[in-house]
Amino acid sequence: METRIGIFLCNCGGGMKNIDFDAVAEKVARMPGVTCVNLVSHLCLDEGREKMIASIREENLDRVIVAACSPEFKEHIFRQALEDAGLNGHLLAMANIREQCSWAHEGDVTEKAVELIKMATNRARLLQPLERKELPVNREVLVIGGGFSAIDTALHLSRLGLRTTLLEKEAVLGTGTGEWQSLHGFDNSSMTAAVEGDRNIDVLASARMTAAEGTIGDFTVTITREGEEISRKYGAIVLATGFRTELAPTSTLKLRTQAEPISGISIVSQEQLFHMLHNSIVEAKPRTIGFMFDFSDENSRFPTLTTLNNALAAKNKWGSEIYIFCKNVKVDSEGAEKLYREARECGVVFLKCETTPRMSMDNGRVAVEARDVFLGEDTVIACDLLVAEELLLPIAGTETLSSLLNIRLDSRGFYQDENVHLYPVASEKKGVFVIGWCRGNLDMGRVLTDISSVVMSVHGLLSSGKILVEVERVKVDPQKCVACLTCIRVCPHGAIQLVRVDGDKEVAGISDLACDACGICSAICPAKAIKFQGYRDEEILAQIEAIGES
Amino acid sequence: MNGCIVAFCCEHSAYPAADLAGRLRLHYPESLRVIRVPCAGRVDVIHILKAFENGASAVLVLGCEDGACHHITGNTRAKERVKYCNMLLKEVEVDGRPVAMFNLSPNTPHKFVRAVNEITKIIKESGR
Amino acid sequence: MNSASRIVLVVGSGISGVASALELANAGFDVYLLEKEAVVGGHAASFPCKATDVCSKCSACVVSDKIKQAVLHPKIRLLTNSAIRKLSGEAGNFRVEITQQPRYVDEERCIACSLCTEVCPTDPKAVYPPPAEGAPFSYILDEALCLHFKGEKCDLCRENCPTKAIEFDRKPQEQELSVGAIVVATGFDVFDARGKGSLGYGRYPDVITGLDLERILNREGCLRLPSNGKEPRNIAFIQCIGSRDEGHGYCSHVCCKYAMKLAGLIKYQVPDTRITIFYIDLQTAGKGFAQFYEEYKAKIRFIRGVPVEILRSEFGELDVRFEDISQGIVCRDTFDLVVLSVGISPGKNSWDLARILGINMSNDGFFDVADPLSTNETNVDGILLAGACQGPKDIPDSVAHGIAAASKAMEILSESVGRRVTG
Ligand SMILES: Cc1cc2nc3c(=O)[nH]c(=O)nc-3n(C[C@H](O)[C@H](O)[C@H](O)COP(=O)(O)OP(=O)(O)OC[C@H]3O[C@@H](n4cnc5c(N)ncnc54)[C@H](O)[C@@H]3O)c2cc1C
Ligand SMILES: Cc1cc2nc3c(=O)[nH]c(=O)nc-3n(C[C@H](O)[C@H](O)[C@H](O)COP(=O)(O)OP(=O)(O)OC[C@H]3O[C@@H](n4cnc5c(N)ncnc54)[C@H](O)[C@@H]3O)c2cc1C
Ligand code: SF4
Ligand code: SF4
């Protein structure tokens, strides 16, 4: 059937002086299939749109070319005009004769404008309508982890009417927060109690996720608990698995064990010091305490905060002399500079060193030898207690979970690729989110915003139980697919799975909900089985064919 | 053909950058023909070869900055394909028509113009 | 529009306000995005992309992306040139009186053709284009410069506008909005570097601020000396200007990173430029930064110490006197460009807004949260904070904070609907 193409030329009210619009109109009218050419001054304003709608109806057009400004800002207006005229919005092609033609060149660009319109027209001939549909999504959410981030997320989602499952590998919730909860004034037990009393929250403790498949709105997860496998379905998955700490390799001396009596000399971790300060009876107050951080890892916002808090507490409780060895004090988190000042005002000494201090045992004490940049000379300080530098690392199991869910890790092994478009809490896979300490975002204020962000995102996706999408925009032709799995491997959004068609045959199938319409699969498929409506090979090649025709 | 430069522009980066160049009236050679794609990763070898078959004097593939691709890996896939095309063109001894990949972001109109000028210079130097 | 409980007012259209508005609009709320300036986008809209061969994670591109989405969103109504006059009511049912100054150039009709600027006889031009990435794109007419408003007969731009977009007789408009919640996202002001007289900002053309540098690179795509248009060969960055001192008991979070990224960009464009950064402590923590720091260390000279004085020699060079702490001596060095890495200061007009809205301010002058475990909630139920108006934040943190505020607003409004239904 012959197409009926209508071309709408907009001269932007005189904003494109280097194009001869009458000449353009005359030339493009001669192209095959062109039913009418309309020269308009302000196509995007009401008067222009009305003209367009009327013309589409009168001329019974089935393809529309708009040669005007960039599609970046006005395409949706014209699409709507098509819809209003009873035509599918995807039967529109735009020729950007303003930003990328008239405004980009000095001389007369009438010829170029004609060519751009020809390119658009060639593409338009091949365009096909796209349907919009509401697809159902499962409203249950799986939150992996049972620490502060996980619990708080579940409580908020519950308030908004979404059911969650908290999946915790330990036997009880809140082990990660442990001793530290009091510091920020939140109370573990009240949170766990709130979870228990919440009918929207289901807790699976001593459990792990051992398999996962599916895409947003329809994940099927296998959970293993005490040797038993459970299969459940969720609409979204939130990872909130926290982090672990390890003694920095530079702390060459052995860490004392929890069992040893807390007296005399020792090297301890931050957590042990915290315990000594808040819970246990100390036989002899340490007179001199040294702290070390920021030598082995630049990412020491959190160690800075912990050190400052612990140092102040030790100063207040024991009146010890305190020396803090570090390269830079990382004060770029809320309240950190205040703590730093407070510490200095009450006599804590900061020694900033470019290189890691040397440590040795000296007569029952730890001698720290450092070159302070302010003093410019080597100093040796003998400490009764040395708080070792700790590294914050991805928690065990991070790699397993990331490969089960097929999401990327960052350069340090935490969840979430360092791609600015994913921040704050998205992963490259729709419906899978990462929050808090497990994405390497280590301080309380930032964790709280992560929690609120994920609540917003999950609620937005799942609350109504359905999502409106354009269906089959990118589609595999089951006849052509040879099930080589290439596309499944390359799809950056994990949108493709094997599906069964006509009884036995397995082919690649794209989830309309999960697909982000990049077209990577359609470029790579060796069988050329994947069609991306609007950007099919035919449509791209047809544009190229128009170049240089005139 | 008239020795056009065909530029495949990712709609998340190069395409808005080109628009911005226009809005700022940063001028570049008229021979540029932009084809908008959803991601540089959509560009296939056949598209590039077709452009040359039609007489293009150069092909540009313009995608997001390395590490900031909206589709994570689209720009690296595009880069591989451009490399492959160059190899292919060399093999069939097509007189070194340039295919180049540039990375940019939507707010870099100057970088867009620089990329176009650079490829124009290469064409000129090779005497085409 | 819907009933008040489905409408949110976002005050300030920087990246945090835009992120908040978008999130709410996508969740089905109607949003008023109120901005005191003529364009949307705040500070970050004028930042350049700082990528070299790889993305430097400066997030500037995220800003242009989100602004575009917000401007196009059918559920977001932009109110530019606007200010809040009065607030009454309570969460779920606020009434806000606003005044909108006229634009004189109609947003819908202006097609950014630049004909008006061409014919405008004043110098500088009284009608000019918005910043490249700002939105809306319509031109801006500055009443203070325009001859028409000085009582002269000039009518040139109006006559030449092809779409009849210019209307001189527009008057300020008063409006009352009914909204369920308010997100305050009024951002910050950069520290006024004139406050550090000995560093010569405002006196020496080649002493500029980080914000100036961001804007130059964005506009021009490359860097030239303001004094003579030549390429700078030897540049110094001075950190912590307006942060971590007597008046500012906080670190601005962003300056170390933007300085290093800008330095990296300049080095990438002109590899033999020499760059020195003077600092107190380098803030290199944060996701995805450590690996860049290693590279910067190899390319940039870092000196621990903050310069006390800058003088200009008779040849126009800038003579910087500083204490090199690691050597314990006072040194001097000359540069042809000095960049003052100014920090984030509380907005100059925050106090007025705090008074109108009844929200508290912290000792540092930012808006205060209700308690340490809340990040967005103020002392007034239904009024939430987003972005740098609550304290220094970079772009990703501002976006996250904006989304968090949207999340809190949504919870408040769904609860207030719940209350009304049950009670
Ligand atoms: C060295 C150190 C210092 C600290 N200092 C402070 C401080 O100064 N102030 C403060 O408030 N808090 C401090 N904390 C605790 C920290 O606050 C908490 O870790 C945090 O508040 C909770 O964040 P989260 O929920 O993201 O992670 P976590 O609390 O660590 O919770 C993660 C949970 O996920 C579970 N999990 C992990 N992997 C899996 C898996 N594969 N499957 C199922 N479950 C899994 C873990 O068992 C854990 O319960 C410190 C912790 C440490 C270790
Ligand atoms: C020199 C410099 C360089 C930087 N570089 C980077 C970088 O490379 N990467 C990065 O991540 N971050 C960077 N930042 C930080 C970044 O600028 C901020 O994170 C971001 O701009 C904060 O956004 P905001 O929306 O909170 O505030 P703003 O951008 O300040 O926006 C606030 C908006 O509110 C409006 N407003 C104010 N008061 C009112 C009122 N009463 N009524 C109505 N509207 C009002 C303002 O006009 C403005 O549009 C930099 C900061 C500086 C100073
Ligand atoms: S790449 Fe093509 S042939 Fe291979 S599985 Fe995917 S659709 Fe099928
Ligand atoms: S278009 Fe992109 S997101 Fe969609 S299925 Fe193909 S590769 Fe995946």
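For each pair in A:Lys338/C:Lys68; A:Lys531/B:Lys50; A:Lys17/B:Lys124; C:Lys36/C:Lys150, compute the distance between the two Cα atoms and list the pairs where it is over 27 Å. Don't skip to the end; give the middle numbers.
Details: A:Lys338/C:Lys68 38 Å; A:Lys531/B:Lys50 19 Å; A:Lys17/B:Lys124 30 Å; C:Lys36/C:Lys150 23 Å.
With Cα atoms farther than 27 Å apart: A:Lys338/C:Lys68; A:Lys17/B:Lys124.
What's the FRET efficiency of A:Val499 with C:Arg332 using the Cβ-Cβ distance as r and R₀ = 56 Å, to the nearest 0.05? Intermediate results must be reported in sequence, preceding the final value.
Details: r = 72 Å, r/R0 = 1.29.
The pair A:Val499/C:Arg332 has a calculated efficiency of 0.20.
Can you compute 3J(HN,Hα) from phi for each residue in segment C:333-345, using the Karplus curve 6.51 cos²θ - 1.76 cosθ + 1.60 with θ = phi - 60°, rounded to whole Hz and x for Gly and Pro?
8, 10, 9, 9, 9, 10, 10, 8, 7, 6, x, 8, 10
At a 1.4 Å probe, which residues in segment B:77-125 are at least 50 Å² less accessible with all protein chains present than in their chain isolated?
B:Arg77, B:Asn107, B:His110
Which order do A:Val380, C:Val71, B:Val43 take when ranked by solvent-accessible area (1.4 Å probe, heavy atoms of all protein chains), largest first?
On the way: A:Val380 100, C:Val71 45, B:Val43 5 Å².
From most accessible down to least: A:Val380, C:Val71, B:Val43.
If you average the sequence gap of Cα pairs under 8 Å that are 6 or more apart and divide by the length of chain A, what percent do you get for the contact order?
Values: 1103 pairs, mean separation 75.2, N = 550.
Computed over chain A, the figure is 14 percent.
Any of A:Lys133/A:Lys429; B:Lys83/C:Lys257; A:Lys429/B:Lys111; A:Lys112/A:Lys475 with alpha carbons more than 26 Å apart? Name them for me. Can you show the working numbers first?
Details: A:Lys133/A:Lys429 21 Å; B:Lys83/C:Lys257 34 Å; A:Lys429/B:Lys111 31 Å; A:Lys112/A:Lys475 34 Å.
With Cα atoms farther than 26 Å apart: B:Lys83/C:Lys257; A:Lys429/B:Lys111; A:Lys112/A:Lys475.
Pick out which of C:Val127, C:Val54, C:Val306 has the largest mean-square fluctuation in a Gaussian network model of chain C, springs linking Cα atoms closer than 10 Å.
Largest GNM mean-square fluctuation: C:Val54.
Leaving out ligands, DNA and RNA, calculate the buried accessible area for the pair A and C with a 1.4 Å probe, summed over both sides, in Å² to the nearest 100. Show your work: numbers first, answer last.
Values: alone 26180 and 19860 Å², together 40770 Å².
Its buried surface, counting both partners, is about 5300 Å².
Given a cut-off of under 8 Å on Cα pairs at least six residues apart, what relative contact order in percent is computed for chain B? Please report the intermediate quantities before stating the final value.
Working: 232 pairs, mean separation 44.0, N = 128.
Once normalised by length, the contact order is 34 percent.
Near C:Lys348, which aspartates and glutamates are there with a Cα under 12 Å away, not counting those fewer than 8 places off in the same chain?
The qualifying aspartates and glutamates are C:Asp189, C:Asp192.
At each listed q (0.12, 0.19, 0.22 Å⁻¹), what is the log10 of I(q)/I(0) that the Debye formula gives for segment B:38-109 modelled as equal alpha-carbon point scatterers?
The Debye formula, applied to the Cα set alone, gives -0.32, -0.73, -0.91.
Sort segment A:409-472 into rounded, prolate or oblate with this rule: let a ≥ b ≥ c be the square roots of the eigenvalues of the Cα gyration tensor; rounded if a/c is under 1.5, and if a/c is not under 1.5, prolate when a/b is larger than b/c, oblate otherwise. Can you show the working numbers first?
On the way: a/c = 3.19, a/b = 1.57, b/c = 2.03.
Oblate, since a/c reaches 1.5 and b/c is not below a/b.
Counting pairs of Cα atoms in segment C:103-170, how many percent are more than 13 Å apart?
Working: 1328 of 2278 pairs.
Within segment C:103-170, distances greater than 13 Å cover 58 percent of Cα pairs.
What whole-number value in Å² describes the accessible area per residue of the protein assembly as shown for a 1.4 Å probe?
39 Å²
Once R0 is set to 51 Å, what does the formula 1/(1 + (r/R0)^6) return for the Cβ-Cβ distance between A:Ala23 and C:Gln175, expressed as a FRET efficiency to the nearest 0.05?
On the way: r = 47 Å, r/R0 = 0.93.
So the FRET efficiency works out to roughly 0.60.
Once you sort the root eigenvalues of the Cα gyration tensor of the protein assembly as shown as a ≥ b ≥ c, which label holds: rounded (a/c under 1.5), prolate (a/b larger than b/c) or oblate (the other case)? Please report the intermediate quantities before stating the final value.
Details: a/c = 1.59, a/b = 1.37, b/c = 1.16.
Note, shape of the protein assembly as shown comes out prolate.
C:Ser362 versus C:Ala290, label points 7 Å from Cα toward the beta carbon: distance in nm?
Result for the modelled spin labels: 2.6 nm.
Carbon and sulfur atoms: what percent of the 1.4 Å accessible area of chain B do they account for? Numbers along the way, then the final one.
Working: 2390 of 4500 Å².
With neighbouring chains kept in place, the figure for chain B is 53 percent.
Among C:Pro124, C:Pro205, C:Pro346, determine the one that fluctuates most according to a GNM of chain C built with springs between C-alpha atoms less than 10 Å apart.
Evaluated over chain C, the most mobile residue of the options is C:Pro124.
Residues with amide H under 5 Å of A:Phe433's amide H, sequence separation 5 or more or different chain, H placed in the peptide plane at 1.01 Å from N; which?
Those lying under 5 Å, H to H, from A:Phe433 are A:Ile237, A:Val238, A:Leu239.
Only sites in a loop by DSSP and with at most 12 other Cβ atoms within 10 Å count here; which trypsin sites (Lys or Arg not before Pro) in segment C:219-292 make the cut? Please report the intermediate quantities before stating the final value.
Numbers: sites: C:Arg219, C:Arg224, C:Lys230, C:Arg233, C:Arg244, C:Lys257, C:Lys261, C:Lys267, C:Arg274, C:Lys287; in loops: C:Arg224, C:Lys230, C:Arg233, C:Arg244, C:Lys287.
For trypsin sites (Lys or Arg not before Pro) across segment C:219-292 that sit outside H, G, I, E and B with at most 12 neighbouring Cβ atoms in 10 Å, the list reads C:Lys230.
Give me the extension gain from A:Leu39 to A:Thr222: residue separation times 0.36 nm, minus the current Cα-Cα distance, reported in nm with one decimal. Working shown, then result.
Values: separation 183, 0.36 × 183 = 65.88 nm, distance 6.12 nm.
Contour length minus the Cα-Cα distance gives 59.8 nm.
Would you kindly compute the Cα radius of gyration of segment A:253-396 and its largest Cα-Cα separation (Dmax), both in Å?
Gyration radius and largest Cα-Cα distance of segment A:253-396: 14.4, 42 Å.
Check the straight Cα-Cα distances from C:Lys86 and name the aspartates and glutamates below 14 Å, setting aside those fewer than 8 residues away within the same chain.
C:Glu97, C:Glu174, C:Glu176, C:Asp352
Looking at segment A:472-532, what % of the alpha carbon pairs are farther apart than 17 Å? Show your work: numbers first, answer last.
On the way: 469 of 1830 pairs.
Every Cα pair in segment A:472-532 considered, those over 17 Å come to 26 percent.
In whole percent, how big is the carbon plus sulfur part of the accessible area of segment A:249-389, probe 1.4 Å, protein atoms only? Let's see the in-between values first.
Numbers: 3010 of 5970 Å².
C and S fraction of accessible area: 50 percent.
Taking each residue in C:167-179, count the Cβ atoms of any other chain within 10 Å of its Cβ, then average. What number comes out? Working shown, then result.
On the way: counts 0, 0, 0, 0, 0, 0, 0, 0, 0, 0, 0, 0, 0.
Averaged over the peptide's residues, the number is 0.
Give me the one-decimal nm value for the distance between modelled label points at C:Arg203 and A:Glu213, 7 Å along each residue's Cα-to-Cβ direction.
7.4 nm
What are the ³J(HN,Hα) couplings of segment A:391-407, residue after residue, when phi is run through the Karplus curve with 6.51, -1.76, 1.60 and θ = phi - 60°? Round to Hz, x for glycine and proline.
Once rounded to whole Hz, the list reads 9, 9, 10, x, 6, 4, x, 4, 5, 4, 4, 5, 7, 4, 8, 6, 10.
Under 5 Å between amide H atoms, partner at least 5 residues away or on a different chain: which partners does A:Gly214 have, H built in plane at 1.01 Å?
Here A:Thr220 satisfy the definition.
Expressed as a rounded percentage, what relative contact order does segment C:268-354 have, with Cα pairs under 8 Å and six or more residues apart? If you can, show how the numbers build up before the last one.
On the way: 88 pairs, mean separation 16.8, N = 87.
19 percent.
Please determine, in degrees from 0 to 90 and to the nearest 10, the orientation of helix A:46-58 with respect to the longest principal axis defined by the Cα atoms of chain A, where the helix direction is its Cα long axis.
The helix A:46-58 is inclined about 50 degrees to chain A.
Tell me which GluC sites (Glu not before Pro) from segment C:211-300 have a DSSP coil assignment and no more than 10 other beta carbons within 10 Å of their own. Could the numbers behind the result be given before it?
Details: sites: C:Glu214, C:Glu220, C:Glu246, C:Glu294, C:Glu295; in loops: C:Glu246.
Here the GluC sites (Glu not before Pro) that fit, given the DSSP loop and packing criteria, are C:Glu246.
Work out which GluC sites (Glu not before Pro) in chain A are exposed loop sites (DSSP not H, G, I, E or B, at most 11 other Cβ within 10 Å) and give the longest gap free of them. Walk me through the intermediate numbers first.
Details: sites that count: A:Glu2, A:Glu106, A:Glu226, A:Glu283, A:Glu377.
Value returned for the longest uninterrupted segment is A:378-550.
Please compute the modelled spin-label separation between A:Asp378 and A:Glu47, points set 7 Å along Cα→Cβ, answer in nm with one decimal.
In this crude spin-label approximation the distance works out to 8.6 nm.
Between B:Phe102, B:Val113, B:Asn86, whose Cα lies farthest towards the positive end of the dipole of segment B:33-128 when Lys and Arg beta carbons carry +1 and Asp and Glu beta carbons carry -1, centred on the Cα centre?
Ranked along the dipole, the leading option is B:Val113.
For the interface of B with A, what's the total buried accessible surface in square angstrom, probe 1.4 angstrom, rounded to the nearest hundred?
What B and A bury together is about 4100 Å².
Classify segment B:6-126: rounded, prolate or oblate, from the alpha-carbon gyration tensor (a ≥ b ≥ c, eigenvalue square roots; a/c under 1.5 rounded; otherwise prolate if a/b is larger than b/c)?
Values: a/c = 1.98, a/b = 1.22, b/c = 1.62.
Oblate, because a/c is 1.5 or more while a/b does not exceed b/c.
Helix C:290-299 against the longest principal axis of chain C: what's the angle in degrees, Cα atoms only, rounded to the nearest 10?
Approximately 40 degrees, to the nearest 10.
So if R0 is 30 Å, what FRET efficiency would B:Val45 and A:Glu2 give, r being the distance between their Cβ atoms, rounded to the nearest 0.05? Walk me through the numbers on the way to the answer.
Working: r = 33 Å, r/R0 = 1.11.
With R0 = 30 Å, the Cβ-Cβ based efficiency is 0.35.
Output the peptides A:508-520, A:306-318 sorted from most to least packed, where packing is the average of other Cβ atoms within 10 Å over each peptide's residues. If you can, show how the numbers build up before the last one.
Values: A:508-520: 23.0, A:306-318: 19.7.
Answer by packing, highest mean first, reads A:508-520, A:306-318.
What list of ³J(HN,Hα) values in whole Hz, one per residue of segment A:103-108 in order, does the Karplus curve 6.51 cos²θ - 1.76 cosθ + 1.60 (θ = phi - 60°) give from phi, with Gly and Pro shown as x?
6, 8, 10, 8, x, 5
Amide H to amide H under 5 Å from C:Ile241: which residues, 5+ apart in sequence or cross-chain, H placed 1.01 Å off N in plane?
C:Ser341, C:Gly343
Which percent of the accessible heavy-atom area of chain C goes to carbon and sulfur, probe 1.4 angstrom?
Numbers: 8090 of 16570 Å².
Roughly 49 percent, rounded to a whole number.
Given a cut-off of 28 Å, name the pairs among A:Lys466/B:Lys79; A:Lys327/B:Lys79; C:Lys57/C:Lys267 whose C-alpha atoms lie farther apart than that in the structure shown.
Details: A:Lys466/B:Lys79 38 Å; A:Lys327/B:Lys79 40 Å; C:Lys57/C:Lys267 17 Å.
Check vs 28 Å cut-off fails for A:Lys466/B:Lys79; A:Lys327/B:Lys79.
Heavy-atom accessible surface, probe 1.4 Å, ligands and DNA/RNA ignored: which residues of segment A:91-112 lose at least 50 Å² versus the isolated chain?
Listed in order, they are A:Glu99, A:Gln100, A:Trp103, A:Ala104, A:His105, A:Lys112.
Tell me the angle of helix C:395-422 to the major Cα principal axis of chain C, expressed in degrees between 0 and 90 and rounded to the nearest ten.
Compared with the principal axis, the helix lies near 20 degrees.
Kindly give Rg over Rh for chain C, based on alpha-carbon atoms, with the Kirkwood expression for the hydrodynamic radius.
Values: Rg = 23.2 Å, Rh = 23.2 Å.
Reported Rg/Rh, Kirkwood definition of Rh: 1.00.
The values are calculated or read from the model by the stated rules, or taken from the named source; none is laboratory data. Quick caveat, the model's predicted, so the values are computed rather than measured. Heads up, the Cβs are rebuilt from the backbone with ideal geometry, glycines too, and the neighbour counts pull from every protein chain shown. What goes into the accessible areas is simple: the full protein's heavy atoms, side chains included, and nothing from ligands, DNA or RNA. Shrake-Rupley method; radii C 1.70, N 1.55, O 1.52, S 1.80 Å.
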